[in-house]
1. Please determine, by comparing only the residues of region 142-184 that are among the charged types (D, E, K, R) and closer than 16 Å to Ala122 by Cα, which one is farthest from ligand 1 (Cβ to nearest atom).
2. I'm told Leu146 meets every condition in (1) at pLDDT below 95; (2) buried (at least 19 other Cβ atoms within 10 Å of the Cβ) except one. Can you identify the failing condition by its number?
3. Being among the aliphatic types (A, V, I, L, M), part of a loop (DSSP other than H, G, I, E, B) and more than 13 Å from ligand 2 (Cβ to nearest atom) is the filter here, so list the residues in region 125-164 that pass it.
4. Being in contact (Cβ under 8 Å) with a residue 40 or more places away in the chain and either closer than 13 Å to Thr204 by Cα or not in a loop (DSSP other than H, G, I, E, B) (or both) is the filter here; which residues of region 39-63 pass it?
5. Name the single residue that is farthest from ligand 2 (Cβ to nearest atom) among those in region 165-194 being of a type in the set (A, V, I, L, M) and open to solvent by 30 Å² or more (accessible area, probe 1.4 Å).
6. Just to verify a result, which residue in region 125-143, among those that are touching a Leu at 6+ places or on another chain (Cβ under 8 Å) and farther than 15 Å from Phe18 by Cα, is surrounded by the fewest Cβ atoms within 10 Å (Cβ to Cβ)?
7. Inside region 13-25, can you point out the residues that are surrounded by fewer than 17 Cβ atoms within 10 Å (Cβ to Cβ) and either out of contact with any strand residue (DSSP E or B) (no Cβ under 9 Å at 6 or more places or on another chain) or at pLDDT 90 or above (or both)?
Amino acid sequence: MNDVATVCRAVDRVPGMFYLPEYFKPREYLPVLEKLLATSPLRHMETSRGFKMSAAMSNCGALGWISDRKGYRYETVDPLTGNAWPAIPEQLSSLAADAAKTAGYANFNPDVCLINCYEPGAGMSAHRDSDEADYDHPIVSLSLGLPARFFVLGNERKGRSVPLDLASGDVVVWGGESRLFYHGIRPLKAGEDVVFGARRFNLTFRKAG
Ligand code: MD3
Ligand code: FE
């Protein structure tokens, strides 16, 4: 287990969402991330409508989430390299499983880790994560680098949102009722993180297959 975490808070108005502030030491994960991105580099994926997403992405795990002109889906092969995605490193899978366990999900065994990289100005508009086979598995997200404002709606893509500021080292676990809630990331503010520079990484662990 890690020696930083002490708190796991249920988030008001978002049933099934748990916030674990300062759960891990971000600096320890920079070399891990660099090695992954040397194998399957970050790229700006295209939507089916032909727009480039503002966050750059890559994946590790048996499956990787991709978007292109044909739509969204999970694939075993990285279309950029033609090779399998790199495996989820043990440090990352154990961190994600520990966080899930702390939030009440024993035996979380993700087969996908989507890596999002935001530069200042980049964000993610409201969407729901619904490409996975079984919504009973939670989603675990790690934030590294610049802070971001995350927002959650409900089962509809409208209405009042709940804001949550995510800092480097924070973890969020989503399960239960909130698993299919609409959510997004406000455009990143300019800044410089001492470890990751002018970027925010988000690692999202899912069980997709
Ligand atoms: C909330 N990523 O990759 S954390 C995504 O910070 C994504 O990069 C954001 O949304 C980021 O799809 C937000 C991940 C997240 C994933 C699933 C959720 C947040 C969620 C499901 C329900 C509510
Ligand atoms: Fe999402």
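1. Taking region 142-184 as the starting set, the residues that turn out to be among the charged types (D, E, K, R) are 149, 156-158, 160, 165, 170, 177, 179.
Among the residues that remain, those that are also closer than 16 Å to Ala122 by Cα are: 149, 165.
Values: Arg149: 10, Asp165: 12 Å.
Result: Asp165.
2. It fails just one condition, (1).
3. Once the filter is applied, which keeps residues that are among the aliphatic types (A, V, I, L, M), part of a loop (DSSP other than H, G, I, E, B) and more than 13 Å from ligand 2 (Cβ to nearest atom), region 125-164 yields Ala133, Leu146.
4. Across region 39-63, the qualifying residues are Thr39, Ala56, Met57, Ser58, Asn59, Cys60, Gly61, Leu63.
5. Val194
6. Restricting attention to region 125-143, the residues satisfying the condition of being touching a Leu at 6+ places or on another chain (Cβ under 8 Å) are 126, 128-130, 135, 141-143.
In the following step, the residues that additionally are farther than 15 Å from Phe18 by Cα were identified as 126, 128-130, 135.
Numbers: Ala126: 16, Arg128: 15, Asp129: 19, Ser130: 9, Tyr135: 14.
So, considering only residues that are touching a Leu at 6+ places or on another chain (Cβ under 8 Å) and farther than 15 Å from Phe18 by Cα, the one surrounded by the fewest Cβ atoms within 10 Å (Cβ to Cβ) is Ser130.
7. Hits for region 13-25 are Pro15, Glu22, Lys25.
Here's the yes/no breakdown for (1) closer than 15 Å to Ala208 by Cβ; (2) more than 15 Å from ligand 1 (Cβ to nearest atom); (3) of a type in the set (Phe, Trp, Tyr):
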residue	(1), (2), (3)
Ser48	no, yes, no
Asn59	yes, no, no
Ile66	yes, no, no
Arg69	no, yes, no
Ile88	yes, yes, no
Ala96	yes, no, no
Arg128	yes, no, no
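The values are calculated or read from the model by the stated rules, or taken from the named source; none is laboratory data. Just so you know, these numbers come straight off a predicted model, no measurement behind them. Note: ideal-geometry Cβ built from the backbone for every residue, glycine included; neighbour counts use all protein chains shown. Accessible surface areas use protein heavy atoms only, side chains included; no ligands, DNA or RNA. Shrake-Rupley method; radii C 1.70, N 1.55, O 1.52, S 1.80 Å.
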